[in-house]
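Asker: Quick one: the structure is below, questions incoming.
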Amino acid sequence: MAIVEKRYAQALLNCSKSQNDNEAFEQGLNSMASLFSSNMQFKKILLDPRIGNDVKLNIIKEIFPEHQNAVFLSFLNLLLDKNRINIIDGISDEYSKLNSVLNNELNMKIVSAKELNEEEINSLTLKYKGMYNADKVKYTLEIDKEILGGIKVVIGNKIYDGSLKTQLRRML
């Protein structure tokens with residue numbers, strides 16, 4: 001399904017670029033995907049073949065009044081018509097990746113054994129921003145006591161592991 005998700009994401013990105021509204025489309029897609037995966041009732045309604053697509057689209061409009069862009073709603077209607085709404089999570093992920101590449105953004109996950117202060121986070125983001133020649137950095141911070149200490153940074157499929165757990169494992 002990854003290929004299909006990427007194609008839909010690319011098509012939506014092309015439409016959003018023409019409207020100069022990439023960020024709003026990404027927010028709308030993320031909101032839809034989040035609700036779809038977390039709310040079983042919403043998911044059941046959107047997947048129910050007995051409910052018409054016009055009703056489903058009206059429900060979406062009511063839930064997300066901030067995402068009323070005609071192109072975005074047409075895209076959601078297309079997903080409903082083609083019975084592809086069930087892959088909205090993957091489309092959302094792919095869209096975010098493609099939009100980040102377009103905007104020269106670096107997406108990174110910082111894993112630490114303890115909460116990091118603002119200075120530590122800024123230092124890390126500046127370091128990797130320079131390494132990847134990125135204009136902007138988006139990050140998520142995850143606390144994982146199992147790494148014992150140090151930091152692990154995940155960027156795409158690369159892992160920079162400076163955790164104490166890994167260092168101890170290498171010593172053995």
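Quick note: the coordinates plus some simple rules give every number you see, no bench work behind them. As the structure is a prediction and not an experimental result, all values here were calculated from the model. Because the Cβ atoms are built from the backbone with ideal geometry, glycine has one as well, and the counts that use them run over all protein chains shown.
Asker: In the structure shown, do any of LYS127/LYS158; LYS109/LYS138; LYS6/LYS136; LYS97/LYS152; LYS109/LYS136 have a Cα-Cα gap over 19 Å, and if so which? Provide the component values of the computation, followed by the final result.
Answerer: Values: LYS127/LYS158 15 Å; LYS109/LYS138 9 Å; LYS6/LYS136 23 Å; LYS97/LYS152 21 Å; LYS109/LYS136 14 Å.
In this structure, LYS6/LYS136; LYS97/LYS152 exceed 19 Å between Cα atoms.
Asker: Residue by residue, what Karplus-based ³J(HN,Hα) values in Hz, rounded to whole numbers, does region 117-129 have, using 6.51, -1.76 and 1.60 with θ = phi - 60° and x for Gly and Pro?
Answerer: 7, 4, 5, 5, 5, 4, 4, 5, 5, 5, 4, 6, 4
Asker: Students often forget the sequence filter, so: which aspartates and glutamates lie under 16 Å Cα-Cα from LYS56 once same-chain residues fewer than 8 apart are removed?
Answerer: Cross-link targets: ASP48, ASP81.
Asker: Per the Kirkwood formula on distinct C-alpha pairs, the Rh of region 2-101 is how many angstrom? Working shown, then result.
Answerer: On the way: mean 1/r = 0.0746 Å⁻¹.
Over region 2-101, the inverse of the mean reciprocal pair distance is 13.4 Å.
Asker: Output the relative contact order of the chain, whole-number percent, from Cα pairs under 8 angstrom with separation of 6+ residues.
Answerer: On the way: 182 pairs, mean separation 37.0, N = 172.
Relative contact order for the chain comes out at 22 percent.
Asker: Let me ask another. Please report Rg (one decimal) and Dmax (integer) in Å for the Cα set of the chain.
Answerer: So, for the chain, Rg and Dmax equal 19.5, 62 Å respectively.
Asker: Between ASN103 and residues 5 or more places away or on another chain, which pairs have amide H atoms under 5 Å apart, with H built 1.01 Å from N, and which residues are they?
Answerer: Result for ASN103 returns nothing.
Asker: Could you calculate the contour length gain from SER31 to LYS127, that is, 0.36 nm times the residue separation minus the distance between their Cα atoms, to one decimal place in nm?
Answerer: Working: separation 96, 0.36 × 96 = 34.56 nm, distance 3.07 nm.
Here the answer is 31.5 nm.
Asker: Find how much the distance from LEU116 to ARG84 grows on full extension, using 0.36 nm per residue of separation minus their present alpha carbon separation; answer in nm with one decimal.
Answerer: On the way: separation 32, 0.36 × 32 = 11.52 nm, distance 3.98 nm.
Full extension of this stretch gives 7.5 nm more.
Asker: Oh, and also: Among ILE155, ILE51, which comes first, second and so on when ranked by fewest other beta-carbon atoms within 10 Å? Mind showing how you got there, number by number?
Answerer: Numbers: ILE155 18, ILE51 14.
Final ranking by Cβ density, sparse to dense: ILE51, ILE155.
Asker: Can you tell me what share of the DSSP beta bridges in the chain is antiparallel? A percent to the nearest 5 is fine.
Answerer: DSSP beta bridges in the chain are roughly 55 percent antiparallel.
Asker: Lys and Arg at +1, Asp and Glu at -1: add these up for the other residues within a Cβ distance under 15 Å of LYS136 and post the number. Could the numbers behind the result be given before it?
Answerer: Values: positive: LYS97, LYS127, LYS129, LYS138; negative: GLU23, GLU26, GLU105, ASP135.
Overall, the nearby charge balance is 0.
Asker: Along the charge dipole of the chain, pointing to its positive end and built from +1/-1 on Cβ of Lys, Arg, Asp and Glu, which listed residue (LEU80, HIS67, ILE155) has its Cα farthest out?
Answerer: The Cα lying farthest towards the positive end belongs to ILE155.
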